[in-house]
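Inspection log for the structure reproduced underneath, given as structure tokens.
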């Protein structure tokens, strides 16, 4: 799987313009094979992405090496032309505003898609890929990639006026149901605080080269009307009543506050 081709993830969010990488959008073959629909409006900068069952989504969370510029450029120049021909494209960038709980320091969570599992498999079977992938440690201190094939259609909307959070959860064996019970138990409190669960990536394929290879069991993305949303949830009775299930269900987590890049 490929990482994001630029570590500085601030660029304009223009009304009616999707957040696609220039290299990807310039490739007609990639556009034709990618099933994602991008809904946009001249009156709104909200990005709406519609994915179809069978597409493969990846969130890439990169931490760049300060001395890795040349290695990253070499990686991009070799890997991306191969991937783009198979329909690989970048869909959205969520920059990390705050590490709430984490020893890891990614610059953002970048959403990519493949048309289907076959396209990803064809890329990974390319004879040039093993050597290209082996160069990652020269470019990134760490690169965490979470990938899943959609089992049903999915629509994701990202609004620059909103804030987002993601919890990456490694669950306690045999206690996984407690985490689901915790999330179900706080759902009404999340909604009352101006939050919405927008996507739960369950049992993703996980890649990394510098940390534990153990895969998390879930990435949970929430959209909030403002940055105070989760603080309000923590003060709710529902949170206090269900916190025990978080404690029993989770081994460890990474928790980040995210946002779309600021307009220029």
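Every number here is computed from the coordinates shown, using simple stated rules; none is lab data. Bear in mind the structure is a predicted one, so any value in this text is a computation, not a measurement. Note: ideal-geometry Cβ built from the backbone for every residue, glycine included; neighbour counts use all protein chains shown.
Every residue in the range 63-75 that is under 17 Å from residue 144 (Cα atoms) and in contact with a helix residue (DSSP H, G or I) (Cβ under 8 Å, 6 or more places away or on another chain), please.
Listed by number, the residues that qualify are 64, 65, 68, 72, 75.
Does the range 170-186 contain any residue that is surrounded by fewer than 18 Cβ atoms within 10 Å (Cβ to Cβ), out of contact with any strand residue (DSSP E or B) (no Cβ under 9 Å at 6 or more places or on another chain) and more than 24 Å from residue 247 (Cβ to Cβ)?
No: zero hits.
If you take the residues of the range 78-90 that are in contact (Cβ under 8 Å) with a residue 12 or more places away in the chain and either out of contact with any helix residue (DSSP H, G or I) (no Cβ under 9 Å at 6 or more places or on another chain) or in a helix (DSSP H, G or I) (or both), which of them is farthest from residue 52 (Cα to Cα)?
78
What are the residues in the range 188-215 that are surrounded by 15 or more Cβ atoms within 10 Å (Cβ to Cβ) and free of Cβ contacts under 8 Å to residues at least 12 places away in the same chain, if any?
Passing the criteria: none in range.
Working only within the range 162-187, note down all residues that are in contact (Cβ under 8 Å) with a residue 60 or more places away in the chain and more than 21 Å from residue 214 (Cβ to Cβ).
Across the range 162-187, the qualifying residues are 162, 163, 164, 165, 181, 185.
Give just the number: which of (1) outside any strand (DSSP E or B); (2) under 16 Å from residue 257 (Cα atoms); (3) in contact with a helix residue (DSSP H, G or I) (Cβ under 8 Å, 6 or more places away or on another chain) does residue 160 not satisfy?
(3)
Conditions: (1) on the phi < 0 side of the Ramachandran plot; (2) within 21 Å of the chain's Cα centre (by Cα). Residue 182 meets all but one. Number of the miss?
Against the list (1) on the phi < 0 side of the Ramachandran plot; (2) within 21 Å of the chain's Cα centre (by Cα), residue 182 comes up short only on (2).
Which numbered condition trips up residue 158, out of (1) more than 20 Å from the chain's Cα centre (by Cα); (2) under 17 Å from residue 109 (Cα atoms)?
For residue 158, the failing item is (1).
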